Amino acid sequence: MGMAPRFNFLLHAFLCLALATTSFSLSPKFYDNLCPQALPAIKRIVEAAVHREPRMGASLLRLHFHDCFVNGCDGSLLLDSTSAFETEKNARGNFNSVRGFEVVDQIKAEVDRVCGRPVVSCADILAVAARDSVLALGGPTWKVRLGRRDSTTASRALADSVLPSASMDLPALISNFKNQGLNTRDLVALSGGHTVGLSQCVIFRNRIYNATNIDPTFAKERRVTCPRTGGNTNLAPFDPTPARFDTAYFKNLVKERGLLTSDQALFSGGSTDKLVETYSKNSDAFWVDFGKSMINMGNIKPLTGNQGQIRVNCRKVN
């Protein structure tokens, strides 16, 4: 068969391979032609939801985080239990705690309506809603990379083992993030997401009654609404301005007023102290790094190209 056909075949095979691996990396322009109305529609609903309840901004940000850490940013967290798998919503770090699913459903319905068909994945909805939430609460913006597709399964067991816990010390947190391909700067910047939102008493009780690296006045204040027994679901803010994306979280850490053990771990004589101090004094530095780290987190193991699917209902596999 001469050289030319074989060469053409090889070239064709090579091009297909190249396309399969490279052309499907995420891009901020992914929906520019597919459905230009998609991102404005998401933003409208997120802004309305956050205006109605500022805490929802923190909740939506956390959904993206807890999605990305379990097998990549693939929308697996949104799936309800089936006979084939148990939902990640029941995992230790999620049970009675992750919220905002109704808003995600609302976004999905509206985006599919304006696009005329399901073109925007649930995974991408979480990535965009996280950015729009931060912006709605007065924080920075960044260009969200898009083109993720949705998983067809979920893993409660994996979620149990990989989601970071509020009781972790600095070495544990660093290694938890390193397992996701995130470095120490990502850890500190992303922890700054705790400048918004609330935590349940059951999560910070141990620290406010037993920790030594805690401002005594702060501990006393927190104990008022978080008794030694009972009141497990009583809420407290991570910093004094839970509806404002600002640097108060880091200013608090420097004063030993971190709410969770894992918060104060970032400023307790370890390698991250310097960066916490920088962010506490320089909101621009925090803004820039937070955006970069959110992009890094959003890049964890996405399904792209013809992997996975575009779910019609974020709670169910097609």
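The values are calculated or read from the model by the stated rules, or taken from the named source; none is laboratory data. Please read these numbers as outputs of a predicted model, since none were measured by experiment. Here the Cβ is made from the backbone with ideal geometry for all residues, glycine too, and neighbour counts use every protein chain on show. To get the accessible areas, we keep the full protein, side chains included, count just its heavy atoms, and leave off ligands, DNA and RNA. Shrake-Rupley method; radii C 1.70, N 1.55, O 1.52, S 1.80 Å.
Show the residues, 5+ positions off or on another chain, whose built amide H is closer than 5 Å to the amide H of L146.
Result for L146 returns S27, K29, F30.
Using amide H atoms built in the peptide plane, which far-off residues or other-chain residues are under 5 Å from L303 H to H?
Amide H to amide H, under 5 Å and 5 or more residues apart or across chains, L303 pairs with R149.
Counting only complete DSSP H runs, which helices of the chain cover 24 Å or more along their long axis at the Cα atoms and score a mean Kyte-Doolittle of 1.0 or above? Present the calculation step by step, with values, prior to reporting the outcome.
Values: long enough: 3-22 (28 Å, 1.24).
Qualifying helices, which must be both long enough and hydrophobic enough, are 3-22.
Want the number for R117 to N206: 0.36 nm per residue separation, take away the alpha-carbon distance, what's left?
Taking 0.36 nm per residue and subtracting the Cα distance, the gain is 27.2 nm.
With all protein chains present, how much of the accessible area of segment 37-163 (probe radius 1.4 Å) comes from carbon and sulfur, to the nearest whole percent?
Of the solvent-accessible surface of segment 37-163, carbon and sulfur hold 51 percent.
Expressed as a whole percentage, what fraction of the accessible surface of segment 170-298 belongs to carbon and sulfur atoms when a 1.4 Å probe is rolled over the protein heavy atoms?
Looking at segment 170-298 in its full context, I get 53 percent from C and S.
Ranked by accessible surface with a 1.4 Å probe, highest first, in what order do V111, V162 come? Write out the running numbers ahead of the final one.
Working: V111 0, V162 35 Å².
The residues order as V162, V111, largest area first.
Given points 7 Å out from each Cα along the Cα-Cβ axis, report the T217 to K255 separation in nanometres with one decimal.
0.7 nm
Would you compute, from DSSP H runs of 4+ residues alone, the mean residue ellipticity of the chain at 222 nm, taking -39500 (n - 2.57) per run and dividing by the full residue count, rounded to the nearest 500? Spell out each step's value before the answer.
Numbers: 15 runs with 163 residues, N = 318.
Roughly -15500 deg cm²/dmol at 222 nm, from the helical runs in the chain.
Tell me the per residue accessible area of segment 188-302 using a 1.4 Å probe; a whole number in Å² is fine.
With all protein chains present, segment 188-302 gives 44 Å² per residue.
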